[in-house]
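Trainee: Quick one: the structure is below, questions incoming.
The values are calculated or read from the model by the stated rules, or taken from the named source; none is laboratory data. The structure displayed is predicted, hence computed values, not measured ones. We place every Cβ from the backbone using ideal geometry, glycine too, and count neighbours over all the protein chains shown. Surface accessibility is based on the protein's heavy atoms, side chains included, excluding ligands, DNA and RNA. Shrake-Rupley method; radii C 1.70, N 1.55, O 1.52, S 1.80 Å.
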Amino acid sequence: MMTHVTPQQLETTPPLTEEGYARTFAVMADVTSEYDVMSGIADRFISDNKFRENPVKMLTVGAGRGKFEVQLVKELGLNLEYVCAIEPNMEQVKHLEVSLKSLEVEYDINTSFFGPQFRFEEEKPQKFDFILFCHSLYGFDDPHGSVLHATNFLAPGGKVLIFIQGGGATAAIFSYLVEKSDPAIFSPKKCIGDHSLTADKIISQLRKNANHVSITTMSEQSSEDVDDFVRRKPDEPTRNYKVDFWLQAEYGKLSEETKRVIYEMIVNNCDVVEGRYRWKHWCYGIVLSV
């Protein structure tokens with residue numbers, strides 16, 4: 001007698017829309033401790049490269065609203081002479097313009113997508129002392145190729161600084177959802193950000209394909225308050241913008257089984273600090289030179 005096994009139904013929740021991504025990112029940006037962690041890494045980077053003493057031409061790729069670029073100058077003392085900010089999202093560009101004007105230095109905004117085929121207009125500066133990718137590689141079609149291409153724009157002695165997540169909880173819950181989803185509906189390529197991308201993946205590809213590039217890393221642990229999510233009562237709404245951002249999908253629209261597994265993954269990756277659950281993860285600063 002043959003038995004028939006019914007496969008588990010695949011998740012059909014779509015990725016966040018551009019509007020949904022922008023909303024969840026804005027919530028994260030307002031409450032995250034990630035900027036403090038990045039600030040500590042950037043402070044060491046600026047000191048090591050004497051970027052307070054010497055004037056700096058900077059290229060920032062995937063600049064978003066320019067919040068961190070402002071922090072580099074106004075709080076960390078980056079001696080910025082000129083900045084070119086690449087940001088294709090026109091909704092972000094409106095805020096980016098305000099941020100860059102506040103720096104009172106020469107600047108340009110380029111709304112092209114950055115990738116291996118990217119080129120500057122001939123009259124614009126094409127060599128930079130400092131090239132920044134601030135948690136922007138998740139949205140690139142070819143992150144490894146884009147990083148390598150960026151090194152072509154380094155001035156002698158220039159450095160690339162890449163902020164990216166370490167392996168761990170965010171990549172794990174995103175990868176779990178990818179595994180359980182209908183690939184025609186939800187996959188890394190269909191999401192605005194591929195949150196399975198980690199520092200280890202970037203570094204391993206660079207070591208494999210770019211022997212001419214020198215790589216050093218810095219890392220610090222960060223955490224986010226998820227107490228409201230962990231302690232949510234069964235009859236309370238399941239929408240949580242932070243969790244939605246990490247998943248790149250609405251947690252509340254997933255099946256009960258998938259929600260249960262993701263909930264347990266989040267709880268198991270928390271520390272309880274002063275009675276509140278905090279989701280822990282690693283932030284890496286990858287420094288490249290040629």
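Trainee: Quick one: what does P(r) look like for the stretch 96-243 with 5 Å bins over all Cα pairs, in whole %?
Mentor: Histogramming the stretch 96-243 at 5 Å steps yields 1, 7, 13, 17, 17, 15, 12, 8, 5, 3, 1, 0, 0 percent.
Trainee: Out of the DSSP beta bridges found with both residues in the stretch 1-139, what percent are antiparallel (nearest 5)?
Mentor: Approximately 0 percent, going by the DSSP bridge assignments.
Trainee: Let me ask something else about it. Can you give the angle from 0 to 90° between the axis of helix 169-180 and the longest principal axis of the chain, with both taken from C-alpha atoms, to the nearest 10?
Mentor: With both axes taken from Cα atoms, the answer is about 50 degrees.
Trainee: With the crude spin-label approximation of a point 7 Å out along Cα→Cβ, what separation in nm comes out for residue 54 versus residue 39?
Mentor: So the two model labels end up 2.7 nm from each other.
Trainee: Which entries in 94/242; 189/233; 50/101 show an alpha-carbon gap greater than 29 Å?
Mentor: 189/233
Trainee: Sticking with this structure for a sec: Could you state the principal axis extents of the C-alpha atoms in the stretch 89-129, from the largest down, to the nearest angstrom?
Mentor: Between the extreme Cα coordinates on each principal axis of the stretch 89-129 lie 29, 23, 17 Å.
Trainee: Determine, for each peptide in 154-167, 208-221, the mean count of other beta carbons within 10 angstrom over its residues, then list the peptides with the highest first.
Mentor: 154-167, 208-221
Trainee: For the pair residue 10 and residue 215, how long in nm is the line joining their label points, each one 7 Å along Cα→Cβ?
Mentor: 3.2
Trainee: Another question, if that's okay. Between (1) 35.2, 114; (2) 20.3, 80; (3) 23.0, 74, which matches Rg and Dmax of the Cα atoms in Å calculated for the structure shown?
Mentor: (2)
Trainee: Return one number: the angle in degrees, 0 to 90 and rounded to the nearest 10, between the long axis of the Cα atoms of helix 34-48 and the longest principal axis of the Cα atoms of the chain.
Mentor: Once rounded, the angle reads 30 degrees.
Trainee: Carbon and sulfur atoms: what percent of the 1.4 Å accessible area of the chain do they account for?
Mentor: 50
Trainee: Averaging over every viewing direction, what projected area does the convex hull of the Cα atoms of the stretch 1-133 cover, in nm²?
Mentor: 13.0
Trainee: So if we plug the beta-carbon distance of residue 272 and residue 31 into 1/(1 + (r/R0)^6) with R0 = 25 Å, what FRET efficiency do we get, rounded to 0.05?
Mentor: Given R0 = 25 Å and the Cβ-Cβ separation, E is 0.85.
Trainee: Provide the FRET efficiency to the nearest 0.05 for the residue 176-residue 17 pair, computing r from the beta carbons and using R0 = 25 Å.
Mentor: Approximately 0.70, to the nearest 0.05.
Trainee: On C-alpha positions alone, give me the angle between the axis of helix 18-31 and the longest principal axis of the chain, in degrees, nearest 10.
Mentor: 80
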